[in-house]
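The values are calculated or read from the model by the stated rules, or taken from the named source; none is laboratory data. As the structure is a prediction and not an experimental result, all values here were calculated from the model. Glycine also receives a Cβ, built like all others from the backbone with ideal geometry; neighbour counts cover every protein chain displayed. Only protein heavy atoms, including side chains, enter the accessible area calculation; ligands, DNA and RNA are left aside. Shrake-Rupley method; radii C 1.70, N 1.55, O 1.52, S 1.80 Å.
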Amino acid sequence: YNIDGFGEALSREGATDRAKKDCWMKIDNYLKNEKKKEQSQKKLKILLLSANPDGLGRVEESTMIHQVKVNVQNALGARRDSVVIYDFPSCQSREIVNQITNHEPDIFHFYGHSSNVELAFVNERDEVARVTIDGLLALFELKACKNVKVVLLTGCLNKDIAKALSSVVPYVIG
């Protein structure tokens with residue numbers, strides 16, 4: 001890094017240890033400030049996955065996605081550009097990891113059918129593909145899920161799932 005000539009000052013013959021130390025401290029402070037700027041400009045990412053497998057009753061996915069987007073916009077007002085929502089309706093169970101890996105969300109929101117021990121996604125034939133508590137725990141323990149700080153489960157009977165996930169995710173609402 002050559003910040004205001006610091007690189008040149010460090011390489012100059014006869015530079016004192018104190019001068020070198022001052023230069024490195026200034027470089028370190030500069031890099032810390034750049035990192036803070038980068039973090040303050042980071043957008044909050046929400047991944048909204050929904051599923052509507054045949055045979056479990058109709059879930060209004062498009063209505064829910066629209067409602068979430070409107071609520072976020074209303075809540076944030078002028079700061080709504082600081083949030084990105086990735087919605088993925090009719091999510092297949094085999095696509096969950098890819099969606100998390102691709103988008104690195106801060107918030108994971110599932111909307112669909114659930115029971116005390118599993119979430120219902122779909123498979124490639126649009127049939128029920130159940131993801132158990134153990135499968136969800138393994139998912140959120142993956143390195144790809146390190147950014148997920150909040151899990152929101154919108155479905156029936158998901159209290160036990162939420163309780164289990166709270167051991168691997170800081171905030172779980174279910």
Practice problem: Heavy atoms only, probe 1.4 angstrom, no DNA, RNA or ligands counted: give me L139, L44 ranked by accessible area, highest first. | Solution: L44, L139
Quiz item: Per-residue accessible area for K146 at 1.4 Å probe radius, Å² rounded to 10?
Solution: 120
Self-check item: Exposure rank, largest accessible area first [L142, L137; 1.4 Å]
Solution: L142, L137
Practice problem: Return a single number: how many Lys pairs in segment 51-174, at a sequence separation of 8 or more or on separate chains, have alpha-carbon atoms below 23 angstrom apart. | Solution: 6
Quiz item: Within the accessible area of segment 85-147, what % is carbon and sulfur when the probe is 1.4 Å and the other protein chains stay in place?
Solution: 47
Quiz item: Heavy-atom accessible area per residue, segment 63-116, 1.4 Å probe: how many Å²?
Solution: 54
Exercise. Provide Y111, Y30, Y86 ordered by accessible surface of protein heavy atoms (probe 1.4 Å), highest first.
Key: Y30, Y86, Y111
Quiz item: Given 0.36 nm per residue, what is the gain on full extension from N123 to A78 after removing their alpha carbon distance, in nm?
Solution: 12.3 nm
Quiz prompt | Local electrostatic count, I161, Cβ distance below 13 Å [Lys/Arg +1, Asp/Glu -1] | solution = 0
Quiz item: So, with +1 on the Cβ of K and R and -1 on the Cβ of D and E, and no other charges, what is the size of the charge dipole of segment 52-174 about its Cα centre, to the nearest 20 debye?
Solution: 420
